[in-house]
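These notes concern the structure reproduced below.
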Amino acid sequence: MAQQEEVFKRLVSHCKEYGFVFPSSEIYDGLAAVYDYGQNGVELKNNIKKYWWESMTLMHENIVGIDSSIFMHPTIWKASGHVDAFNDPLIDNRDSKKRYRADVLIEEQLAKIEDKINKEVEKAAKRFGEAFDEAKFRETNPRVLEHQAKWNALHQRYSDAMNATNLDELKQIILDEGIVCPISGTHNWTDVRQFNLMFSTEMGSTADSNMKVYLRPETAQGIFVNYLNVQKTGRMKIPFGIAQIGKAFRNEIVARQFIFRMREFEQMEMQFFVKPGTELEWFDKWKQTRLKWHKALGLGDNKYRFHDHEKLAHYANAATDIEFEMPFGFKEVEGIHSRTNFDLSQHEKYCGKSIKYFDPETNESYTPYVIETSIGVDRTFLSILCGTFEEEQLENGESRVVLHLPATLAPVKLAIMPLVKKDGLPEKAREIMDDLKFSFKCQYDEKDSIGKRYRRQDAIGTPFCCTIDHDTLKDNCVTLRNRDTMQQERIPIEKLKEIVSKEVSFTELLRKQI
Ligand code: ATP
């Protein structure tokens, strides 16, 4: 794990060094948990969004998109439950003056116990080799059973406290478990308090008439309050979906792990409206559809897993997370929730108007049930970087840092390089650039040795580099180098467009999901 953390640190520096992600307001020493995307980061991010958007709106005839505003009527957040219940339990350590989420401290304690169990299993697996029966070992080994019993008891106590919003009990668990502040190493904890995660501001021009408004903590509510507008104007029939990509804001108490947990981030959400009673079938379909979307990126099928929620929110009847194996463990990238008719019913109650769907086939009106798929752009970005960053030792003793990005998502698709800055080679390279720049993102580079230029392109994940040399002027061929295999082949200039276009095509990536 320690080694993984080191690699992660180097990945974070790499992101800055190569124009992917910068700390926000850096020249003023930054703003906690807020980041800016640089020249390469924004290209990768836009490509991720395009991949998601097209997967939703091109591949499904019954899904359309919207773009709702960040500010919304404040009653929306009352109706959705965010004003009263979008809280995290926080606790401060009096010595270090550091603030933590009480639930996270306890979950980390649970993870430590799980680690102990896994270590026992790993040790035994090594000892017994092929003959090892893991299930039996877990059921019978006294040390594993002892740890498991501890885990079960703690988990039960923790779930009960969270479900009852019993803040005193959360603090008592922290004390009983001997959990200390990682900075000060002491148990000098304050009481646990609830902390609402929504940012608020004021709208209006005079102090008297100002209205408190919130920066949306999720994009979904913009879809719920527009669902009937879209349904009617788009003549949509259930089942149908509405997709949206946009910024969301949460005043996270503990913002850590780079862009994994930010205060300003971007979500890609899709609400799928279905007939009551069919929601669990749709939930299963969407689980599979979304997993395929992730796997089509080619980062490795074993990097993903579902984490089904055992405890459900009172309005949900099924929920799962798609987790990705980050260097700091399996973490949620996307949530898929069967939210019943909770949100629409709440809005109906609070706005006092009927927002029911009229089913022309059965002549009845009802409030649709909703399956939601909710994925973070930034977490997807991070998962892709973590899954493709490699510090590779080459056979010739050299090393290179390479991002094996899915070619379709790479910020630059083709680097165009004249071997030398003279003899008409730059002119020829520019000619190629001027032709291909209409098809995909190209980058012209004539500075430094070819080796250095290759390394620069490897570091930003450019799938192809083409070199124009003296022979090019005679035979109209270039050397095309593949990022991953580093193999080079001589090809006619007129073939370049076809070869690169095929590899970087969104259509091909979309097809991989089927
Ligand atoms: P977590 O438990 O990690 O706080 P969540 O369950 O609150 O996440 P959701 O409300 O389900 O998250 O939001 C859907 C998606 O939005 C998440 O799967 C994640 O990808 C993204 N997301 C949520 N909060 C943040 C954040 N603070 N920074 C970056 N992405 C986020």
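The numbers here are math on the coordinates, done by the rules we state, and not lab data. No experiment lies behind these values; they were computed from the predicted model shown. Positions of Cβ are backbone-derived with ideal geometry, glycine not excepted, and every protein chain shown enters the neighbour counts.
How much of the DSSP bridge set in the chain is antiparallel, in percent, rounded to the nearest 5?
Beta bridges within the chain, antiparallel portion: roughly 85 percent.
Per 5 Å bin from zero, what fraction in whole % of the C-alpha pairs of segment 376-433 is there, up to the bin with the longest pair?
4, 14, 14, 15, 15, 14, 14, 7, 2, 0
Order of 211-222, 164-175 by packing, highest average Cβ count within 10 Å first? Each step should come with its number before you reach the end.
Details: 211-222: 19.6, 164-175: 15.6.
Peptide ranking by packing, descending: 211-222, 164-175.
Using mean Cβ contacts within 10 Å as the protection proxy, how do 496-507, 138-149 order, highest first? Walk me through the numbers before you get to the answer.
Values: 496-507: 15.8, 138-149: 13.5.
By packing density, highest mean first, the sequence is 496-507, 138-149.
Evaluate the Debye formula for the chain with equal point scatterers sitting on the alpha carbons, no solvent, and hand back log10 of I(q)/I(0) at q = 0.09 Å⁻¹, in q order, two decimals.
Results for the chain at q = 0.09 Å⁻¹ read -0.81.
Could you run the Karplus curve 6.51 cos²θ - 1.76 cosθ + 1.60 with θ = phi - 60° over segment 236-251 and give me ³J(HN,Hα) per residue in whole Hz, x for Gly and Pro?
Here the 3J(HN,Hα) series is 7, 10, 5, x, 8, x, 10, 10, 8, 10, x, 6, 9, 9, 9, 7 Hz.
Per residue of segment 280-286, what does 6.51 cos²θ - 1.76 cosθ + 1.60 with θ = phi - 60° give for ³J(HN,Hα)? Whole Hz please, x for Gly and Pro, Karplus curve as stated.
Karplus-based 3J(HN,Hα) across segment 280-286 equals 6, 4, 5, 4, 5, 4, 5 Hz.
Can you list residues from other chains, or at least 5 along the same chain, whose modelled amide H is less than 5 Å from the amide H of Leu405?
none
Highest first, please rank the peptides 117-125, 24-32 by the mean number of other Cβ atoms sitting within 10 Å of their residues.
Numbers: 117-125: 14.0, 24-32: 10.8.
My ranking of the peptides, most packed first, is 117-125, 24-32.
With 18 Å as the limit, write out which pairs from Lys78/Lys212; Lys49/Lys295; Lys78/Lys331 have Cα-Cα distances beyond it, or answer none.
Lys78/Lys331
Kindly write out, for segment 167-183 in residue order, the coupling ³J(HN,Hα) from the Karplus curve 6.51 cos²θ - 1.76 cosθ + 1.60 (θ = phi - 60°), rounded to whole Hz, with x marking Gly and Pro.
5, 5, 5, 4, 5, 4, 4, 4, 5, 4, 7, x, 6, 10, 5, x, 8
Going by amide H atoms built from the backbone, whose H comes under 5 Å of the H on Gly241, apart from near neighbours?
The answer is Ile63, Val64, Phe273.
Relative contact order of the chain, please, whole-number percent, based on alpha carbon pairs below 8 angstrom and at least 6 residues apart.
In percent, rounded to a whole number, it is 14.
What per residue convex hull volume, in Å³, do the alpha-carbon atoms of segment 394-511 yield?
On the way: hull volume 11.9 nm³, N = 118.
Here the figure is 101 Å³ per residue.
Determine the calculated [θ] at 222 nm for the chain from helices alone, applying -39500 (n - 2.57) to every DSSP H run no shorter than 4 residues and normalising by the residue count; nearest 500 deg cm²/dmol.
Numbers: 18 runs with 209 residues, N = 514.
About -12500 deg cm²/dmol.
Quick one: P(r) of segment 43-88 from all Cα-Cα pairs, 5 Å bins, percents rounded to integers, in order of increasing distance.
Computed distribution, short to long bins: 5, 16, 15, 13, 12, 17, 18, 3.
Out of all DSSP beta bridges with both ends in segment 394-511, state the antiparallel percent to the nearest 5. Let's see the in-between values first.
Working: 9 of 17 bridges.
Bridges in segment 394-511 are about 55 percent antiparallel.
Just need the relative contact order of segment 394-511 here, percent rounded to a whole number, with Cα pairs under 8 Å and 6+ apart.
About 30 percent, as a whole number.
Give the relative contact order (percent, whole number) for segment 87-196; include only Cα pairs under 8 Å separated by 6+ residues.
It rounds to 46 percent for segment 87-196.
In a shell of Cβ-Cβ distance under 14 Å around Glu310, excluding Glu310 itself, what net charge do Lys and Arg (+1) and Asp and Glu (-1) give?
Local charge sum for Glu310: -3.
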